[in-house]
Amino acid sequence: MSSEENAFLNYKIFNWSSYSTNYLPENIQQNEPTKQSSRWSSSSNSPPQFLLLKLPRPAIVQTIMFGKFEKNHVCNIKKFKVLGGMEEDNLIELLKGGLKNDHNPETFHMKHRIDGQLFPCRFIKIVPLLSWGSAFNFSIWYVELRGIEETEIVQPCLKWYYEHREREAIRLCLKHFRQHNYVEAFQSLQKKTKITLEHPLLTELHRKLVMDGDFEECENIMQKAVTEDLFNHYISHQEYKAQWANISLKSFPQPDGLPGMRGGHQMCMDYINNHVYLLGGWDGTKDLPDFWRFEVDRSTWVCLSAVTNDVGGPSARSCHKICIDCENGRLYTLGRYLDSSKRTLSTVRNDFHVYHIKTGKWQLLSKDTAVDGGPRLIFDHQMCIDQPSQTIYVFGGRILTANTQSQVGSMRPLPEFSGLYRYHIPSSTWHLLREDSGNAGPQDIRSRIGHSMLLDTETHCLYIFGGQRSKEYVNDFFVYDINQDSVNVLHDGTKKEEGLPPSGFTQRATINPALREIHMLSGLSKDKDKREDNMQNSFWIYGINDDSWNCVYKNELSSQGGATQSGTSSSASVEVNEPCPRYAHQLVYDHVRRTHYMFGGNPGSKSSPKTRLSDFWSLNLSRPSKGDILQKCRYMLRRHKFREQSLSDPMSALLYLQNDVSETVHHEDPKEEREFRLLATSLFGSVSDSESDDDTTNATPSITATDSEKTSATKSSTVKTSYLHLKYADIDENFVERTKLFDALASYFPEEMTQPSGNIIDLMQL
């Protein structure tokens, strides 16, 4: 392909659902944001309402842009979807989204690939679903389409598109013939078209299982699939299981002692040497000046300096930030909190230090970064480093200024927040990328404190979300593209949506660019009035590619039954297997070994407000392994063999159950153990449908396809539908049940290897 440039695409209005007087559909072709009448408006908000656009010739439609009126308007569409295709009656969904109720035009990327191939459209259908004013009609002010219309690009795509549709139609027929045991029709169509239904390995599995009933050979096929890593995609879409561990130190003496209780400290992870560094903090009474290293392999704390300022390092501090350049062995620290009584012209200087790991020496880079063009003295900001470009990014934080004589006895000045800065290490230069914007526009950002900022090294983007601005909890989520110097808002935080992390919590976030995941731990609320109602830990994962949040777990621990300073339960009857909720703690991530480490924090105790924690925890996230899936597949195959065998030879079936089936069962899993015991009842009578169909139609009980696993969910739904069809066919019962089992086993394979998810009967219109 020679080009994928987003060229302007002409279109005409081909059809519409309705329109109000003077608010004609053709108005969307003119971009006149100052004219109230320059829009299409439906005559009602009753569905279905739509506009159907027709392009003069097929094109690859990549983006759609919606223009708006110069002011907020209740008729703006809050939710909509866009469909497209070559025929007006055969359209697929290309986009589902919503517009902000403001004056800024918005551009959306639309689906324009199938199986990795570009596909053309001739028709584009815009379907409004909800307006910002719930009782108002829908209005669209302007629509602009962009994409590719060059003939030399579009025509091959159009040819592929029609061939793809023909091929998929034949595959649906092949699936239907095989499911209904129309062997001659299946073989004839496959021989004539030379189109395969699925990957040869799955065809072999179907033959050995459904046709031959060779369960032992089926186990060998599943073993081969595991060896060839065919289940990796399935595993990557399973929910994580979070497991905390209170790190137990080895029994040999600790020569330098242990870090004491603290909050507002800072930590970073040296993934090359497997070390965790800890600097400063607040113990409830004073700022701390110490500097520690935890050596993970030795499970040992080492005090690098008891008073860092005495060895040329930073002074005692809290609410500062550090970041580490692991490849070059350098640790940077910036900012600190300073009590208002101590803020003078000489003390509100923002010093900037670096620690050289190889030499164990501190170096002062700047006495005051504000003088060098960087941020003023700030606290509760965020800082991260891009190692390849040797650039540090600093965003947000509350600015501290010196107290003046005029402020004595007067009202406090309004808080100031710092913007987004870049520091280039080789040239020692600062650059302001974005100033703070209290009322953020499309390319402005609102600064805040207590937020998260993470660098995606794969795309060179900064992910920023959460935090607090004065007394307002900020719940937006946006991306700053470093290369493009642009801002993309993922969630503006103006409305509550299900499936999003809660606002108003102290959050700690990490990133794994290779897995395309952001991890976030939410703990105790900083709001004193709501603290008792928010004693909760929750761990969330954001899929960067999917643009979706998923809660791994939520677990409430009462203040009486939670972990104490030492990490042990304050109640002997309560077994603590995770840290108590807290804030002002620190969480770091070793993305190589995929382990989190958390230390200290403030438990928010009303009875003891100065109490801080000194417990140290590790957190591992695990998914089912290839071995787990293989064992489950063996269990499914052997259980089915037992059921067939019990009908012809109950005694041998009983021995097979006790020996062969039993060794594949997770007996520590109560649900699976109960199912195993229920199998024996089939020797004395039929098992109820609710029991026998438990995991052949719904995958597996202990390794279950989650709500986020859309592929498996679709396959499961398809399986159920097709089985209803089979009930009306004259097919052997064993064939039907083996087909169910085959589909359950096939759900572990990548979708591109399996038969189509749809059913040809579902295409019939009555």
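For the range 541-549, the criterion of being assigned to a strand (DSSP E or B), open to solvent by 20 Å² or more (accessible area, probe 1.4 Å), over 29 Å from Trp292 (Cβ atoms) and modelled with pLDDT of 85 or more is met by at least one residue. In the range 589-613, the residues that are of a type in the set (Asp, Glu) form Cβ pairs under 7 Å with partners that are part of a strand (DSSP E or B), at six or more places apart or across chains, as follows: Asp590/Met269.
A quick yes/no check of all residues on (1) open to solvent by less than 30 Å² (accessible area, probe 1.4 Å); (2) modelled with pLDDT under 95; (3) of a type outside the set (Val, Ile, Thr):
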| residue | (1), (2), (3) |
| --- | --- |
| Pro200 | no, no, yes |
| Glu204 | no, no, yes |
| Leu209 | yes, no, yes |
| Phe215 | yes, no, yes |
| Met222 | yes, no, yes |
| Ala225 | yes, no, yes |
| Gln238 | yes, yes, yes |
| Lys241 | no, yes, yes |
| Trp244 | yes, yes, yes |
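Residues in the range 301-327 that are surrounded by fewer than 18 Cβ atoms within 10 Å (Cβ to Cβ) and under 26 Å from Tyr583 (Cα atoms): Val302, Cys303, Ala306, Val307, Ser315, Ala316. Any residue in the range 12-32 that is closer than 17 Å to Val74 by Cβ and part of a loop (DSSP other than H, G, I, E, B)? Looking for residues that are closer than 17 Å to Val74 by Cβ and part of a loop (DSSP other than H, G, I, E, B), one finds none in the range 12-32, hence no.
Residues in the range 298-319 that are at pLDDT below 95, in a strand (DSSP E or B) and hydroxyl-bearing (Ser, Thr, Tyr): Thr300 alone. Of the candidates Ser652, Ser722, Ser690, the single residue that is at pLDDT below 90 and open to solvent by 30 Å² or more (accessible area, probe 1.4 Å) is Ser690. In the range 462-485, of all residues being among the polar types (S, T, N, Q) and in contact (Cβ under 8 Å) with a residue 40 or more places away in the chain, the one that is nearest to Pro501 (Cα to Cα) corresponds to Gln468. In the range 739-755, the residues that are part of a helix (DSSP H, G or I) and open to solvent by 10 Å² or more (accessible area, probe 1.4 Å) reach residues that are modelled with pLDDT under 95 and of a type outside the set (Lys, Arg) with C-beta atoms within less than 6 angstrom, at least six apart or across chains, in these pairs: Lys740/Thr696; Asp743/Val719; Glu751/Thr711. Here Ser42, Ser46, Ser18 are screened, and the one residue that is at pLDDT below 95 and open to solvent by less than 70 Å² (accessible area, probe 1.4 Å) is Ser46.
Here Gln62 passes the criteria (1) open to solvent by 30 Å² or more (accessible area, probe 1.4 Å); (2) touching a Lys or Arg at 6+ places or on another chain (Cβ under 7 Å) except the one numbered (1). A count restricted to the range 73-95 and to residues that are open to solvent by 30 Å² or more (accessible area, probe 1.4 Å), of a type in the set (A, V, I, L, M, F, W, C) and in contact (Cβ under 8 Å) with a residue 60 or more places away in the chain stands at 1.
Anything in the range 374-386 that is open to solvent by less than 40 Å² (accessible area, probe 1.4 Å) and assigned to a loop (DSSP other than H, G, I, E, B)? List them, or say none. Within the range 374-386, Gly374, Pro375, Leu377, Asp380, His381 meet the criteria. Residues that are over 18 Å from Gly313 (Cα atoms) and free of Cβ contacts under 8 Å to residues at least 24 places away in the same chain do not occur anywhere in the range 349-369. Ala680 passes every criterion in (1) at pLDDT 90 or above; (2) among the small types (Gly, Ala, Ser); (3) surrounded by 13 or more Cβ atoms within 10 Å (Cβ to Cβ) apart from (1).
Residues that are surrounded by fewer than 18 Cβ atoms within 10 Å (Cβ to Cβ) and out of contact with any Asp or Glu (no Cβ under 8 Å at 6 or more places or on another chain) within the range 387-406 comprise Pro388, Ser389, Thr391, Ala402, Asn403, Thr404, Gln405, Ser406, listed in sequence order. Within the range 259-279, the set of residues being open to solvent by less than 20 Å² (accessible area, probe 1.4 Å) and either over 20 Å from Cys384 (Cβ atoms) or in contact with a Ser or Thr (Cβ under 6 Å, 6 or more places away or on another chain) (or both) comprises Pro259, Arg262, Gly263, Gly264, Asn274. Restricting to the range 451-485, count the residues that are in contact with a Pro (Cβ under 7 Å, 6 or more places away or on another chain), of a type outside the set (Val, Ile, Thr) and more than 14 Å from Asp380 (Cα to Cα). Of the residues in the range 451-485, 2 are in contact with a Pro (Cβ under 7 Å, 6 or more places away or on another chain), of a type outside the set (Val, Ile, Thr) and more than 14 Å from Asp380 (Cα to Cα). Restricted to strands (runs of 3 or more DSSP E) entirely inside the range 96-191, those with at least 1 residues that are open to solvent by 60 Å² or more (accessible area, probe 1.4 Å) and touching a residue at least 60 places away in the same chain (Cβ under 8 Å) are 121-131, 142-148. Just one residue in the set Pro56, Pro25 is over 36 Å from the mean Cα position of the chain (by Cα) and open to solvent by less than 20 Å² (accessible area, probe 1.4 Å); that residue is Pro25. The residues of the range 510-540 that are assigned to a loop (DSSP other than H, G, I, E, B) and either touching a strand residue (DSSP E or B) at 6+ places or on another chain (Cβ under 8 Å) or modelled with pLDDT under 85 (or both), listed by number, are Pro513, Arg516, Gly523, Leu524, Ser525, Lys526, Asp527, Lys528, Asp529, Lys530, Met535.
The values are calculated or read from the model by the stated rules, or taken from the named source; none is laboratory data. Since this is a predicted model, take the numbers as computed values, not measurements. Neighbour counts are summed over all protein chains in view; Cβ atoms, including those assigned to glycine, are modelled from backbone coordinates with ideal geometry. For accessibility, only protein heavy atoms count, side chains too; no ligands or nucleic acids. Shrake-Rupley method; radii C 1.70, N 1.55, O 1.52, S 1.80 Å.
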